[in-house]
Amino acid sequence: MALLEINDLRVSFGAQGARNEVVSGVSFAVDAGRTLAVVGESGSGKSVSLLAATGLLGPGAEVTGSVRFDGREILHLGARQLRALRGARIGYVSQDPSSNLHPLKRIGVQIAEAIRVHRPLRARALRARVIELLTEVGIRDPERRIDDYPWQLSGGMRQRVMIAMAIALNPQLVIADEPTTALDVTVQASIMRLLRQLQARHGTALVFVSHDLALVSDIADHLVVMQRGHVRESGEAQAVYREPSHPYTKQLLEASLPLRAPLRPSASPATPLLRVEAVSRVRTSRSGWRSHARTVLDAVSFDLHEGEILGLVGESGSGKSTIGRIVAGFDRPDGGRVLLDGDAYAQAGRGAPRLQATTRRAIQMVFQDPYGSLNPRQRVATVLAEPFILQRKLTAARIEQEVAALAQRVGLPHELLERFPAQLSGGQRQRVAIARAVALQPRVVVADEPVSALDLTTQRHIVALLRSLRDALRVSFLFISHDLAVVGELCDRVLVLDGGRIVETGPAREVLAHPQHPYTRKLVDSIPGRGQLFTSGLAELDHV
């Protein structure tokens, strides 16, 4: 008998008489000790289905169908009965630990709360259990880290804390909803290994929600593919990978293949457009009376040519984003300098960097989180009009024309211009952010992890957009990413950064297909889906 069995699940939102059904007749099951992967693009209904099944959607949703856990119908249990079930017998790992961990509470306190709700323990025993959990999920020096706040931990460590909370009471089922999104490939691989180890140790059933078929290829026993609230395909994982029957599954498999063929490097002029010369950056932190200096960048040098897309890759903490901020003029180096067309604009000094208007216009930035970088109270049309308004040279009618042309260039339908950012999908918001960055036709765009939180097909659309903008505007991109598959598809050259130093550089296809440095090999080996299920795809690409 299945541990969790969902039959004909339907979820709808909206006012009575005008409800919108977002999940339509979904059915699947997972047995004890097995792993079910639920995959699909953003908006496919996969997360909503699991939230509905566990009673976490709230009063605004209408949920019908059947959800049986360990033989018991739970769909319409009362709030108190559901709270007794969640945490104790069903653990839930959310996508974004930063949003789900209280920033002002120590992590030990938060894990302890997850235990104390269901099982009263004395303070000493409770602390010992929390330390035991931190050790189990791979947090080093748990006796010290137990008193850290979430902001003192890396993204991967915060996700491990979320997993510790989910397994605190040894539940029979763990639901992991996109637990590796926006993590770099090595941290992603370590989280996947951790989940497999915990499952083997405790015999836990696992439901793993993801948009990435490659990521789940090494963990899934059974696969459910969802699109627009419907199950398009379901079956044993290896059978689905070998012979997918639905066109949508084939589309997801195609989008998941790593190391797709990149653009061929274009001929670069002898003189670079942008030159980074021996840039260093040291950050100082204080603990009580003591200060600690940490080298973030150590004499980093590289060139960026006109019309080139240069990839900058490395793990979290390698210094990628620091380079991006210095190149974009948001931060100062402690040593070295950055030149545009031979003129230095970023160099060591005190105070905030002050760029000339022409330089500020020539260098723009696209941030990782478009929702955080767009004003939530401004309509899209206002956001895109702002760069033209700041010029103070155009009439209102001309600005409206420029905004319409800009929206068309980045593939934004005209009707979206009157919406607010919250009314757009993640991919649409990122198109708005890219449109704003290229509005005044800059020379260089720094793109800092612009696709990390997007599903794979949306990633491909954004990659195609950046490629088309490069070709149409001859703009150069410094593309910062931890996703080597995207870098391999988009970039002409790649720089590999480790510990603030460049350890390898060269044409993207060559570096990723034949890495020379041990650190680069480690990154490439961590790309999900490099096992036997994707061997044929990689072999096919070798002939491109």
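Points to keep in mind about this one:
- The fewest-to-most ranking of THR271, THR135, THR249, THR186 by surrounding Cβ atoms within 10 Å reads THR271, THR135, THR186, THR249.
- Proximity of backbone amide H atoms, modeled 1.01 Å from N, is registered between ARG228 and SER44 at under 5 Å, excluding neighbours fewer than 5 places apart on the same chain.
- Residues of the range 1-32 with an amide N closer than 19 Å to a point placed 7 Å from the Cα of PHE420 along the Cα-to-Cβ direction: 14-15.
- Partner aspartates and glutamates for LYS393 [C-alpha distance under 16 Å; skip if fewer than 8 residues away on the same chain]: GLU402
- Rounded, prolate or oblate (a/c below 1.5 giving rounded, otherwise prolate when a/b exceeds b/c) for the range 92-168 by Cα gyration tensor: prolate
- Charge sum, other residues only, whose C-beta stays under 12 Å from LEU36's C-beta, Lys/Arg counted +1 and Asp/Glu -1: -2
- Separation of the range 1-42 and the range 233-248, taken as the distance between their Cα centroids, equals 19 angstrom.
- Put the Cα centre of the range 361-378 next to the Cα centre of the range 461-503 and the gap is 18 Å.
- Cβ-Cβ FRET estimate between HIS514 and ARG360, R0 fixed at 30 Å, reported to 0.05: 0.15
- Counted charge near GLN238, where neighbours are those whose Cβ lies closer than 15 Å (Asp, Glu -1; Lys, Arg +1): -3
- Residue-wise HN-Hα coupling along the range 388-402, computed from phi with Karplus coefficients 6.51, -1.76, 1.60 (Hz; x: Gly, Pro): 6, 5, 5, 5, 6, 10, 10, 6, 4, 5, 5, 4, 4, 5, 5
- Projecting label points 7 angstrom from Cα along Cα→Cβ for ASN375 and LYS522 puts them 4.4 nm apart.
- DSSP beta bridges in the chain [antiparallel fraction, %, rounded to 5]: 55
- Label-point separation in nm, GLN152 to GLU62, each point 7 Å along Cα→Cβ: 5.0
- Net charge of Cβ neighbours under 10 Å - reference SER210; Lys, Arg +1; Asp, Glu -1: -3
- Potential lengthening of the chain between ALA128 and GLU113 amounts to 4.0 nm, from the contour at 0.36 nm per residue minus the alpha-carbon distance.
- Note, ³J(HN,Hα) from phi for the range 83-98, Karplus 6.51, -1.76, 1.60, rounded to Hz, x at Gly and Pro: 5, 5, 7, 6, x, 6, 10, 10, x, 10, 10, 7, 5, 10, x, 4
- ALA293 versus SER12: modelled label distance in nm, points set 7 Å from Cα along the beta carbon direction: 6.6
- Peptides 397-405, 156-164 ordered by average Cβ neighbours within 10 Å, highest first: 156-164, 397-405
- The amide H of VAL23, built 1.01 Å from its N in the peptide plane, has VAL11 as neighbours under 5 Å, considering only residues 5 or more places off or on other chains.
- Sorted by Cβ density within 10 Å, fewest first, the residues TYR92, TYR149: TYR149, TYR92
- Cut-off under 5 Å, modelled amide H: who pairs with PHE477 long-range: GLU308, ILE309, LEU310, VAL445
- Cβ crowding within 10 Å, taken as a proxy for footprinting-reagent exposure, orders SER425, SER301, SER99, SER481 from fewest neighbours to most as SER99, SER301, SER425, SER481.
- For the range 151-167, backbone phi angles converted through the Karplus equation (6.51, -1.76, 1.60; θ = phi - 60°) give residue-by-residue couplings of 5, 8, 10, 6, x, x, 5, 4, 5, 5, 5, 4, 5, 4, 5, 5, 9 Hz, Gly and Pro being listed as x.
Taken together, the values in this text are just the output of simple stated rules run on the coordinates, not laboratory data. Because the structure is predicted, anything quoted here is derived from the model rather than measured. Note that we place each Cβ from the backbone using ideal geometry, even for glycine, and neighbour counts take in every protein chain shown.
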